[in-house]
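Chemist: Next up is a structure, given as structure tokens.
The values are calculated or read from the model by the stated rules, or taken from the named source; none is laboratory data. From a predicted model like this one, the values you see are computed outputs, not experimental measurements. Note that we place each Cβ from the backbone using ideal geometry, even for glycine, and neighbour counts take in every protein chain shown. Remember, those area values only see protein heavy atoms, side chains included, never the ligands or the DNA or RNA. Shrake-Rupley method; radii C 1.70, N 1.55, O 1.52, S 1.80 Å.
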Amino acid sequence: MSTPVERIFSLLKVKEIEQKEFAQLLGTTDKTVSAWKTGRSQSYTKYLPKISEVLGTTVEYLLTGKKEAPAAEDGSEREKEFVQLFQKLTPEQQDMVLAQLKGVVDSQGN
């Protein structure tokens, strides 16, 4: 059974996110992230919501390793369809979709 830290760094590898970039996305330092990896610090726990957002997963998965149904399962059919389609995309395609979606939202002033 893997630990939360092992799951975090495994997802970083899968998503091809460098440790330094990851630290920047979280608003912390590379040194802090390195301390998590080596077990010198467990301060990652306060970052779990942001970590899960950056890595496209849930806090529950990071803590337990259990993959739960996407949050949209409780949502509308439209949300479910979006999640299902989004999950079929490559990471690069997902980045493009997110960028376009953010552009649409930003253009509406929301």
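Chemist: Cβ-Cβ under 8 Å, sequence separation 6+ or interchain: first residue in segment 87-107 and on the phi < 0 side of the Ramachandran plot and at pLDDT 85 or above, partner surrounded by 12 or more Cβ atoms within 10 Å (Cβ to Cβ) and of a type in the set (A, V, I, L, M). Which pairs?
Modeler: Pairs found: VAL97/LEU89.
Chemist: Return a yes/no flag: does segment 34-50 have any residue that is aromatic (Phe, Trp, Tyr) and either modelled with pLDDT under 90 or in a loop (DSSP other than H, G, I, E, B) (or both). Reasoning before the result, please.
Modeler: Quick first cut of segment 34-50, residues aromatic (Phe, Trp, Tyr) only: 36, 44, 47.
In the following step, the residues that additionally are either modelled with pLDDT under 90 or in a loop (DSSP other than H, G, I, E, B) (or both) were identified as none.
No.
Chemist: Sticking with this one: So for segment 9-22 (the condition being more than 20 Å from LEU63 (Cβ to Cβ), within 14 Å of the chain's Cα centre (by Cα) and part of a helix (DSSP H, G or I)), does at least one residue qualify?
Modeler: Yes, some residue in segment 9-22 is more than 20 Å from LEU63 (Cβ to Cβ), within 14 Å of the chain's Cα centre (by Cα) and part of a helix (DSSP H, G or I).
Chemist: For residues that are touching a residue at least 12 places away in the same chain (Cβ under 8 Å) and farther than 26 Å from THR90 by Cβ, scanning just segment 5-41, find the one that is most open to solvent (accessible area, probe 1.4 Å).
Modeler: By that ranking, first place goes to LYS37.
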